[in-house]
Amino acid sequence: MELNHTIVPARDPQASAQFLAEILGLSVEPPVAHFTPVTLANQVSLDYDQLDDFEPHHYAFMVSEQEFDAALARIQHGGITRYGDPACQEIGQIYHSKRTKGPNCCGRRSCPVDPEADIVLRMQAQHERVEATLTTLDAAVPAWAASAGADERDTLADHRAVLLEYLDDEEATLLPLAAEYITEK
């Protein structure tokens, strides 16, 4: 018994299918009824279907080291935000599995964010990180102000950098997407 296909919900099936196909070095096939399919090497198809409201989904692909490197290069070249985890907490990171081995699985993971699918999820994750960073800063400032030691200054500078990274990403990437896809539809 083998999996034949799965339905992938998307606000814009063609754009989302094209997004994934480009990253994986695949092509989008002609529509089948109202589905936009992307067929993987094992002949399982991801059939994108239009849906406005849906929970985020997580899909994992077994790839070789070369396929992973090629996909990562396409993600980086496209300026696509990526995370090392499906919860979108490890921005710009690559997860290295300690237990996934074999000729068809490189044991690394990077989760690119489809701008059509995860705008709200990204905003929520970033706001949670910013809130946690602000809480840490609030706790660190009195110690820093009292002693002005190098460790406290470094800690404060590190947290400031995290805050700026997320705020810059939100302003440059998320807010324009939210304005286009959430407020206009």
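Structure notes:
- Selection from the stretch 27-38 of residues that are open to solvent by 30 Å² or more (accessible area, probe 1.4 Å) and either within 14 Å of Asp12 (Cα to Cα) or not in a loop (DSSP other than H, G, I, E, B) (or both): Val28, Pro31, Val32, His34, Phe35
- Odd one out for Cys106, checked against (1) of a type in the set (A, V, I, L, M, F, W, C); (2) at pLDDT below 75; (3) within 26 Å of Ala15 (Cβ to Cβ): (3)
- Checking the stretch 136-148 against the condition returns no match, with no residue being closer than 29 Å to Gln14 by Cβ, surrounded by 15 or more Cβ atoms within 10 Å (Cβ to Cβ) and at pLDDT 75 or above.
- For the criterion of being part of a helix (DSSP H, G or I) and among the small types (Gly, Ala, Ser), Ala21 passes.
- None of Gln66, Gln124 is open to solvent by 60 Å² or more (accessible area, probe 1.4 Å) and either at pLDDT 80 or above or in contact with a Lys or Arg (Cβ under 9 Å, 6 or more places away or on another chain) (or both) except Gln66.
- Which numbered condition Glu152 misses (of (1) modelled with pLDDT under 75; (2) under 28 Å from Ile80 (Cβ atoms)): (2)
The values are calculated or read from the model by the stated rules, or taken from the named source; none is laboratory data. Since we're looking at a predicted model, the values are computed, not measured. We place every Cβ from the backbone using ideal geometry, glycine too, and count neighbours over all the protein chains shown. Accessible surface areas use protein heavy atoms only, side chains included; no ligands, DNA or RNA. Shrake-Rupley method; radii C 1.70, N 1.55, O 1.52, S 1.80 Å.
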